[in-house]
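A.B. asks: Okay, handing you the structure first.
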Amino acid sequence: MLNKWVSSAESISHYMGRWVAWLTLAMMLLTCLVVLLRYGFGVGSIALQESVLYFHAMVFMLGAAYTFKDDEHVRVDVFYREFSETKKAWVNIIGGLFFLLPFTLYTAYLSLDYVSASWRVLETSSQPGGLPFVYLLKTLIPIMMVSLIVQGLADILKNIGIITSARTVKGQR
């Protein structure tokens, strides 16, 4: 049952990450268009410039769980890379329980009032000609936290499995 849950959580992160990868292409093409219009034709557009910002936010926030799942996040380690799989699993469990989950739960909690206030007024850009979807952009904050919580729980469970299977193998020798 737990393996199925971990597999499902990792599948969601994987497919979200694959989808987000396409957003980077769209962001790059949009950036090229902004530059071409501005310097080639002397035409500026606040909405296009803000669109690049929105794409960047989507890539970062929706891709965080995928990055965490593939262990590609920033890890400041001196000893970790030399640890055995069991020691790495312990570090991952402790880090998940005492750092990742408290941070994401607290940030999700704090973001609810911030995002709901934005939705109440359907917040728009403060720039003339900007995008009228700031409330949607802010909604990415709790979505990111929820996706990291789900992926963090999956990672903790996966690492518990590593420790228990290592103990089982050790006990069978």
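Every number in this text was worked out from the coordinates using simple rules, so none of it is lab data. Just so it is clear, the model here is predicted, and its values are computed rather than measured. Using ideal geometry, Cβ is built from the backbone for each residue, glycine included, and neighbour counts are taken over all protein chains shown.
A.B. asks: Principal axes first, then extents: for the Cα atoms of segment 35-173, list largest minus smallest coordinate on each axis, whole Å, largest first.
C.D. replies: 73, 38, 22
A.B. asks: Ok, one more. Have a look at M144, L122, I163 and report the one farthest towards the positive end of the charge dipole of the chain, computed about the Cα centre with Cβ charges (Lys/Arg +1, Asp/Glu -1).
C.D. replies: Selected residue: I163.
A.B. asks: What pairs from K4/K87; K69/K138; K4/K69 go past 19 Å between their alpha carbons?
C.D. replies: From K4/K87; K69/K138; K4/K69, over 19 Å: K4/K87; K69/K138.
A.B. asks: Only Cα pairs under 8 Å and at least 6 apart count here; give the relative contact order of the chain as a rounded whole percent.
C.D. replies: Answer for the chain is 32 percent.
A.B. asks: Based only on other Cβ atoms within 10 Å, what is the fewest-to-most ordering of T124, T168?
C.D. replies: T168, T124
A.B. asks: For segment 99-173 and segment 30-79, what is the separation of their C-alpha centers, rounded to whole Å?
C.D. replies: Computed from Cα coordinates, the inter-centre distance equals 19 Å.
A.B. asks: Now, a different point. In debye to the nearest 20, how big a dipole does the chain give about its Cα centre with +1 on each Lys and Arg Cβ and -1 on each Asp and Glu Cβ?
C.D. replies: Result for the chain is approximately 520 debye, rounded to the nearest 20.
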